[in-house]
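Peer 1: Sending over a structure as structure tokens; questions will come in a sec.
The values are calculated or read from the model by the stated rules, or taken from the named source; none is laboratory data. The model shown is predicted, which means the values in this text are computed figures rather than measured ones. Counting neighbours? That spans all protein chains shown, and the Cβs are built from the backbone with ideal geometry, glycine included.
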């Protein structure tokens, strides 16, 4: 639960009410329609029931409907083929034409919004991609590798860039407000989220940096843009392995900073509907044993335990370094296991050089693997034996690993997964693993395999296999609308066109709005999907669909009670025989669980002993709130009918709800919030600009959370 208090600027005296409502609004949300019906072509991968089963693309045409209440698929009707059958579908559900809208201009009578894919443009709905491993701050370094391997690349390119995300005014990493992050960090993070969404990535597991404000900013940006994300503040306290300019000062400092980001993210999205924290030791060499142990305990202290992400066995050089730093451990995986970091909610990136025993340990712990083929190839790390992992029962998804990976596109990661698997059979390391001197072809990943890893596989890796990655009934609607473009049916001979035989020079035909996917009309739908995977890019993504806007807003709103001082404000206004004292309470239905008491006091300054001229104490939990949100609380004073300078002070006090039966288990970081302001009354004062006076940018916020 969060209690937030804001102090606004200024409003005049008795005639303020109508202007106030016009300026501030009533707080009511835009009308939301109960259902969205998606009509057209739907393609996804069927859920696998065993490790030996092969992924299969499934294509359905018709309609499915999604509830705005929880964002989940409530049903589908594959008999809907044309407008007539669609009208019958609407009628069977009790919906009429008057209930339906095809745009966002809903009104109180709107019950259904309809979104369609268009067959003539070869459009279809496909599950959103899930990027299980991406470094958000490294986005500016995409395509920069030099000739370095992993460890040299980190020191030459990665650490200097990530270090720049800290604030020069906060060298000890004590601040938490996202607004304290450098402007360049905010710009980079905004581009990362925008570009990954443009490529159809509706869920990402992000590594941030060691800096709390920038990490919190990444969470806020993901939340505001509607991208599902796991946000991890990177932990790295080993001074022998980390650069002196970019390192946690101690294990305890790193743990405290991590807890700050966890608190912020859980306050931002209390239900975890969209944004969740994830414990992020960078990799074993960057962390002390104390740090690894502390992070394992921290993850386990929550219910359910927090997710964990880190790297493992990316290069042979890295594996050798781990053996040197942790001689007591039997393997790289054992380092994490001893720190209780191998759990069913752990994501292990790369795993290129895992031994059979390590893979067995990872499977037994229920940990998952993020396969990052583009990065592994770009940095020369090796070829991960994904087929062996799958055959042994490991859960595997795909990651772009920006910026070791050179593209934020999950289609590129899927392509590279296929290509790497085709080279794997020629690897002596793979031949030693399998005992075969030549390839049997079993190690190769198909288009279906790679797209499964990018959707359902990724969903399982982030522990959301029942929620996203497919279009099963009851799953969250999390999708992208793909367009491959209409087939050109030109009958004109190229020999009849101008420019042939050199008469008009060379004619350059550029890829159009749907990119490099070329359809000629004779492809099966499966072949169209193959062309999309091998040639597609962000130009084919026409839209992404996730949580309804009403549900997205509710993911944070139910845990927030905001108390705003509307009047008086920091300004000068005319004296009045009866002056209003006005507070606005947003989300008033949650007030009773906080047991708050609002106290205010007015003192005239510079006169005598600055005595109080008016005080009031209000038990907010005893107020019978109306259905309006915000709820306006009115009082008045008759002591401001003279000129002078006055101080208005107010305090919110609230009890720890865990001390009674109302809300068990809720504890606060503070139990009161205090604010004060000064204002002046002066005869012949002009009226202020009410709209400007109620601008949110003039607010000074104070926050306590539970």
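Peer 1: Can you tell me which residue among 55, 12 is in a loop (DSSP other than H, G, I, E, B), modelled with pLDDT of 65 or more, touching a strand residue (DSSP E or B) at 6+ places or on another chain (Cβ under 7 Å) and buried (at least 18 other Cβ atoms within 10 Å of the Cβ)? Show your work before the answer.
Peer 2: Values: 12 fails: modelled with pLDDT of 65 or more.
After ruling out the rest, the residue left standing is 55.
Peer 1: Name every residue in the stretch 359-380 that is surrounded by 23 or more Cβ atoms within 10 Å (Cβ to Cβ) and more than 14 Å from residue 403 (Cβ to Cβ), in order of residue number.
Peer 2: Correct list: 362, 367, 368, 369, 370, 371, 373.
Peer 1: So, one more: With respect to residue 344, is the statement that it is over 27 Å from residue 152 (Cα atoms), touching a residue at least 12 places away in the same chain (Cβ under 8 Å) and surrounded by fewer than 18 Cβ atoms within 10 Å (Cβ to Cβ) true? Can you show your working first?
Peer 2: On the way: over 27 Å from residue 152 (Cα atoms): yes; touching a residue at least 12 places away in the same chain (Cβ under 8 Å): yes; surrounded by fewer than 18 Cβ atoms within 10 Å (Cβ to Cβ): yes.
Yes, satisfied.
Peer 1: Moving to a separate point now. So residue 441 passes all but one of these: (1) free of Cβ contacts under 8 Å to residues at least 60 places away in the same chain; (2) under 20 Å from the mean Cα position of the chain (by Cα). Which condition number does it fail?
Peer 2: (2)
Peer 1: Between 172, 141, which is touching a residue at least 60 places away in the same chain (Cβ under 8 Å), more than 20 Å from the chain's Cα centre (by Cα) and under 16 Å from residue 405 (Cα atoms)? Before you say what the answer is, go through the steps one by one.
Peer 2: Working: 172 fails: under 16 Å from residue 405 (Cα atoms).
The unique qualifying residue is 141.
Peer 1: Being surrounded by fewer than 24 Cβ atoms within 10 Å (Cβ to Cβ) and free of Cβ contacts under 8 Å to residues at least 60 places away in the same chain narrows it down to one residue among 263, 237, 293; which is it?
Peer 2: Working: 263 fails: free of Cβ contacts under 8 Å to residues at least 60 places away in the same chain; 237 fails: surrounded by fewer than 24 Cβ atoms within 10 Å (Cβ to Cβ).
Selected residue: 293, the only one of 263, 237, 293 that is surrounded by fewer than 24 Cβ atoms within 10 Å (Cβ to Cβ) and free of Cβ contacts under 8 Å to residues at least 60 places away in the same chain.
Peer 1: Residue under question is residue 288, and the condition is that it be in contact with a helix residue (DSSP H, G or I) (Cβ under 6 Å, 6 or more places away or on another chain) and modelled with pLDDT of 95 or more; does it hold? Spell out the reasoning first.
Peer 2: Details: in contact with a helix residue (DSSP H, G or I) (Cβ under 6 Å, 6 or more places away or on another chain): yes; modelled with pLDDT of 95 or more: yes.
In short, yes.
Peer 1: Moving on. Which members of the stretch 266-290 meet the condition of being assigned to a strand (DSSP E or B) and either free of Cβ contacts under 8 Å to residues at least 12 places away in the same chain or over 22 Å from residue 366 (Cα atoms) (or both)? Steps first, please.
Peer 2: Quick first cut of the stretch 266-290, residues assigned to a strand (DSSP E or B) only: 275-281.
Scanning the stretch 266-290 gives a single hit, 275.
Peer 1: Between residues in the stretch 365-389 that are without any contact (Cβ under 8 Å) to a residue 60 or more places away in the chain and on the phi < 0 side of the Ramachandran plot and residues that are surrounded by fewer than 19 Cβ atoms within 10 Å (Cβ to Cβ) and not in a helix (DSSP H, G or I), which pairs lie under 6 Å by C-beta distance while being six or more apart or on different chains?
Peer 2: Final answer for the pair search is 383/427.
Peer 1: Here's a follow-up. Restricting to the stretch 300-329, name every residue that is over 28 Å from the mean Cα position of the chain (by Cα) and free of Cβ contacts under 8 Å to residues at least 24 places away in the same chain.
Peer 2: Going residue by residue through the stretch 300-329, those that are over 28 Å from the mean Cα position of the chain (by Cα) are 315-329.
320, 323, 324, 327, 328, 329, listed by residue number.
Peer 1: Right, something else. Filter the stretch 58-70 down to the residues that are under 16 Å from residue 125 (Cα atoms), surrounded by fewer than 16 Cβ atoms within 10 Å (Cβ to Cβ) and touching a residue at least 60 places away in the same chain (Cβ under 8 Å) and list them by number.
Peer 2: Taking the stretch 58-70 as the starting set, the residues that turn out to be under 16 Å from residue 125 (Cα atoms) are 58-66.
This time we only want the ones that are surrounded by fewer than 16 Cβ atoms within 10 Å (Cβ to Cβ), so: 58-59.
Of everything in the stretch 58-70, just one residue is under 16 Å from residue 125 (Cα atoms), surrounded by fewer than 16 Cβ atoms within 10 Å (Cβ to Cβ) and touching a residue at least 60 places away in the same chain (Cβ under 8 Å), namely 59.
Peer 1: Could you list all residues from the stretch 634-651 that are at pLDDT below 80 and either surrounded by 13 or more Cβ atoms within 10 Å (Cβ to Cβ) or out of contact with any strand residue (DSSP E or B) (no Cβ under 7 Å at 6 or more places or on another chain) (or both)?
Peer 2: Listed by number, the list is empty, since nothing qualifies.
Peer 1: Related question: Would you be able to tell me the number of residues in the stretch 472-517 that are farther than 23 Å from residue 540 by Cβ, modelled with pLDDT under 95 and out of contact with any helix residue (DSSP H, G or I) (no Cβ under 7 Å at 6 or more places or on another chain)?
Peer 2: 15
Peer 1: Further question on the same structure: Would it be correct to say that residue 299 is touching a helix residue (DSSP H, G or I) at 6+ places or on another chain (Cβ under 6 Å), outside any strand (DSSP E or B) and at pLDDT 95 or above?
Peer 2: Working: touching a helix residue (DSSP H, G or I) at 6+ places or on another chain (Cβ under 6 Å): no; outside any strand (DSSP E or B): yes; at pLDDT 95 or above: yes.
Taking the combined requirement at face value, the residue does not satisfy it.
Peer 1: Another question about this same structure. Scan the stretch 199-215 and tell me whether some residue there is modelled with pLDDT of 95 or more, crowded, with 24+ Cβ neighbours inside 10 Å, in a helix (DSSP H, G or I) and in contact with a strand residue (DSSP E or B) (Cβ under 8 Å, 6 or more places away or on another chain).
Peer 2: yes
Yes or no, residue by residue, for (1) closer than 23 Å to residue 478 by Cβ; (2) over 23 Å from the mean Cα position of the chain (by Cα):
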{"site": "226", "(1), (2)": "yes, no"}
{"site": "233", "(1), (2)": "no, no"}
{"site": "244", "(1), (2)": "no, yes"}
{"site": "254", "(1), (2)": "no, no"}
{"site": "263", "(1), (2)": "no, no"}
{"site": "270", "(1), (2)": "yes, no"}
{"site": "292", "(1), (2)": "no, yes"}
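Peer 1: Please find, among 358, 314, the residue that is modelled with pLDDT of 95 or more and closer than 18 Å to residue 282 by Cα.
Peer 2: Answer to the selection: 314.
Peer 1: Among the residues of the stretch 444-453 satisfying the criterion of being in a helix (DSSP H, G or I) and over 22 Å from the mean Cα position of the chain (by Cα), which is surrounded by the most Cβ atoms within 10 Å (Cβ to Cβ)? Quick ask: steps written out before the conclusion?
Peer 2: From the stretch 444-453, those in a helix (DSSP H, G or I) are 447-453; that's our starting set.
From what's left, over 22 Å from the mean Cα position of the chain (by Cα): 447-450.
Details: 447: 21, 448: 18, 449: 22, 450: 27.
Step by step, filter the stretch 444-453, then rank; the result is 450.
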